1. Being over 16 Å from A9 (Cβ atoms), out of contact with any Cys (no Cβ under 8 Å at 6 or more places or on another chain) and in a helix (DSSP H, G or I), is that true of even one residue in the range 49-66?
2. Scan the range 36-48 for residues that are buried (at least 17 other Cβ atoms within 10 Å of the Cβ) and either touching a Leu at 6+ places or on another chain (Cβ under 6 Å) or outside any helix (DSSP H, G or I) (or both) and jot them down.
3. Being in contact with a Leu (Cβ under 7 Å, 6 or more places away or on another chain), in contact (Cβ under 8 Å) with a residue 60 or more places away in the chain and among the small types (G, A, S): is that true of A2 here?
4. Among the residues in the range 61-70, are any buried (at least 19 other Cβ atoms within 10 Å of the Cβ) and in contact with a Phe, Trp or Tyr (Cβ under 8 Å, 6 or more places away or on another chain)?
5. Given the options V33, V95, V76, V82, name the one that is of a type outside the set (D, E, K, R), surrounded by fewer than 16 Cβ atoms within 10 Å (Cβ to Cβ) and not in a helix (DSSP H, G or I).
Amino acid sequence: MAWLLVIVAGLLETGFAVCLKLSHGFTRLWPTVAFCAFALGSFGLLTLSLKRLDVGPAYAVWTGIGAAGTAIYGMVFMGDVVSALKLVSITLVIVGVIGLQLSGSAH
């Protein structure tokens, strides 16, 4: 259950990063409100999951999902440049997170 919270928190991190971009420096109301909601949800779920999980692997999964998810979302929906190097780098982030998780989390 705690890992599910981390995964959802990571997806919400993607949401708050995208809304941060859309808020244009907090000058647009609804993207700013959405940013606040996504950020509160993301940090709240991460906090709950850390009651049961080691901080290193949980934080790595949370940030990995957020970073990879945001980069993918940007390329698919926001016109960010797609390149082979960018795709390989996203893959390396995901592989690194999986490796950290497999390296010794006892839960």
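1. Initial filter on the range 49-66 (over 16 Å from A9 (Cβ atoms)): none.
No: zero hits.
2. Of the range 36-48, the ones buried (at least 17 other Cβ atoms within 10 Å of the Cβ) are 38-39, 41-42, 45-46.
Once the filter is applied, which keeps residues that are buried (at least 17 other Cβ atoms within 10 Å of the Cβ) and either touching a Leu at 6+ places or on another chain (Cβ under 6 Å) or outside any helix (DSSP H, G or I) (or both), the range 36-48 yields F38, G41, S42, L45.
3. On the way: in contact with a Leu (Cβ under 7 Å, 6 or more places away or on another chain): yes; in contact (Cβ under 8 Å) with a residue 60 or more places away in the chain: yes; among the small types (G, A, S): yes.
When the stated conditions are applied, A2 passes them.
4. Taking the range 61-70 and keeping what is buried (at least 19 other Cβ atoms within 10 Å of the Cβ), we get 61-62, 64-70.
Still in the running and in contact with a Phe, Trp or Tyr (Cβ under 8 Å, 6 or more places away or on another chain): 61.
Within the range 61-70, one or more residues are buried (at least 19 other Cβ atoms within 10 Å of the Cβ) and in contact with a Phe, Trp or Tyr (Cβ under 8 Å, 6 or more places away or on another chain).
5. On the way: V33 fails: not in a helix (DSSP H, G or I); V95 fails: not in a helix (DSSP H, G or I); V76 fails: not in a helix (DSSP H, G or I).
Answer to the selection: V82.
For (1) surrounded by 17 or more Cβ atoms within 10 Å (Cβ to Cβ); (2) more than 14 Å from the chain's Cα centre (by Cα), each residue gets a yes or a no:
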{"position": "W3", "(1), (2)": "no, no"}
{"position": "E13", "(1), (2)": "yes, no"}
{"position": "L22", "(1), (2)": "no, yes"}
{"position": "L29", "(1), (2)": "no, yes"}
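Laboratory data are not the source of any read-out in this text; all were calculated from the coordinates shown. Keep in mind the model is a prediction, meaning the values are calculated, not measured. Cβ: placed from backbone, ideal geometry, glycine included. Neighbour counts: every protein chain shown.
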